[in-house]
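**Student:** Got a structure for you, questions after.
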Amino acid sequence: MSVDGAALGRLLVATVRDPAEVARMILGARLPARALWTALALVTVLSVLLVAVLGLVVPVDPTNAPEGRPLTPLTYAALLGASLVVTVYALHWCARMLGGQGRLEDTLALVVWLQVLLLALQAAQAVLMIALPLLGSLVALATVVIALWVLVNFINVAEGFDNLGRAALTLFAALLAVGVGLSVLLGLVGISV
């Protein structure tokens with residue numbers, strides 16, 4: 001199965017317009033768990049590469065740089081990858097506690113696709129930040145809203161919920177769980193929060 005750029009673009013737009021339908025399509029593909037975990041690793045690497053390229057194109061002003069040691073790309077990849085894995089499990093387990101019926105692989109597939117969407121939106125945002133900084137900031141805000149909208153719909157479909165409220169509650173509970181999980185993870189690698 002090959003995907004050309006135009007088809008990928010249409011699918012990304014469809015994800016924003018009708019996330020529930022795209023979720024059903026992705027889940028209908030029944031991709032093997034091994035391929036999904038590999039895809040999660042791939043989107044992690046692509047995200048780190050995007051951040052690295054942005055760092056070269058738009059260097060951080062030293063007066064605004066965070067204190068302490070800067071994250072190396074490898075450390076950033078490990079933290080991002082770990083946070084995505086924690087997110088997949090947190091979403092799955094929290095949904096289960098709220099009566100969800102989805103499989104872990106369903107959650108994984110939809111988180112991977114959400115990351116692909118976010119990569120595209122972040123690339124667009126990066127271009128705009130260079131050309132039109134104010135518009136880039138607005139796209140950053142829109143990206144957060146889009147990500148939440150898509151994720152709530154994805155959870156709703158993946159878990160077989162009958163309303164977006166339970167999906168939103170799942171997301172809220174999972175965000176709390178991820179926050180705690182990442183605090184522990186960062187503490188283990190020596191980064192204070």
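The values are calculated or read from the model by the stated rules, or taken from the named source; none is laboratory data. Remember, predicted model here, so these are calculated numbers, not experimental data. For neighbour counting, all protein chains shown are included, and Cβ atoms are generated from backbone atoms with ideal geometry for every residue, glycine included. Calculation scope for accessible area: heavy atoms of the full protein, side chains included, ligands and nucleic acids excluded. Shrake-Rupley method; radii C 1.70, N 1.55, O 1.52, S 1.80 Å.
**Student:** Determine which member of the set 90, 126 is open to solvent by less than 40 Å² (accessible area, probe 1.4 Å) and within 15 Å of the chain's Cα centre (by Cα). Full working, then the answer.
**Tutor:** Working: 126 fails: within 15 Å of the chain's Cα centre (by Cα).
Unique residue meeting the criteria: 90.
**Student:** As an exercise: evaluate residue 61 against (1) surrounded by fewer than 17 Cβ atoms within 10 Å (Cβ to Cβ); (2) under 15 Å from the mean Cα position of the chain (by Cα); (3) at pLDDT below 95 and give the number of the one condition it does not meet.
**Tutor:** Of the numbered conditions (1) surrounded by fewer than 17 Cβ atoms within 10 Å (Cβ to Cβ); (2) under 15 Å from the mean Cα position of the chain (by Cα); (3) at pLDDT below 95, the odd one out for residue 61 is (2).
**Student:** Among the residues of segment 153-166, is any farther than 13 Å from residue 110 by Cβ, open to solvent by less than 20 Å² (accessible area, probe 1.4 Å) and out of contact with any strand residue (DSSP E or B) (no Cβ under 7 Å at 6 or more places or on another chain)?
**Tutor:** Yes, because at least one residue in segment 153-166 is farther than 13 Å from residue 110 by Cβ, open to solvent by less than 20 Å² (accessible area, probe 1.4 Å) and out of contact with any strand residue (DSSP E or B) (no Cβ under 7 Å at 6 or more places or on another chain).
**Student:** Do you know which residues across segment 119-154 are more than 25 Å from residue 87 (Cα to Cα) and either touching a residue at least 60 places away in the same chain (Cβ under 8 Å) or of a type in the set (Phe, Trp, Tyr) (or both)?
**Tutor:** Just the residues of segment 119-154 that are more than 25 Å from residue 87 (Cα to Cα), to begin with: 127-138.
Those that are more than 25 Å from residue 87 (Cα to Cα) and either touching a residue at least 60 places away in the same chain (Cβ under 8 Å) or of a type in the set (Phe, Trp, Tyr) (or both): 129, 130.
**Student:** Please identify the pairs in which a residue from segment 17-37 that is under 12 Å from residue 113 (Cβ atoms) has its Cβ atom under 8 Å from the Cβ atom of a residue that is assigned to a helix (DSSP H, G or I) and open to solvent by 70 Å² or more (accessible area, probe 1.4 Å), counting only partners at least 6 apart or on another chain.
**Tutor:** Pairs found: 19/149.
**Student:** Hey, among 143, 87, which residue is of a type in the set (S, T, N, Q), assigned to a helix (DSSP H, G or I) and closer than 18 Å to residue 33 by Cβ? Spell out how you get there, then give the answer.
**Tutor:** On the way: 143 fails: closer than 18 Å to residue 33 by Cβ.
It is 87.
**Student:** Can you work out which of the residues in segment 173-193 that are farther than 19 Å from residue 112 by Cα, open to solvent by 60 Å² or more (accessible area, probe 1.4 Å) and among the hydrophobic types (A, V, I, L, M, F, W, C) is modelled with the highest pLDDT?
**Tutor:** 176
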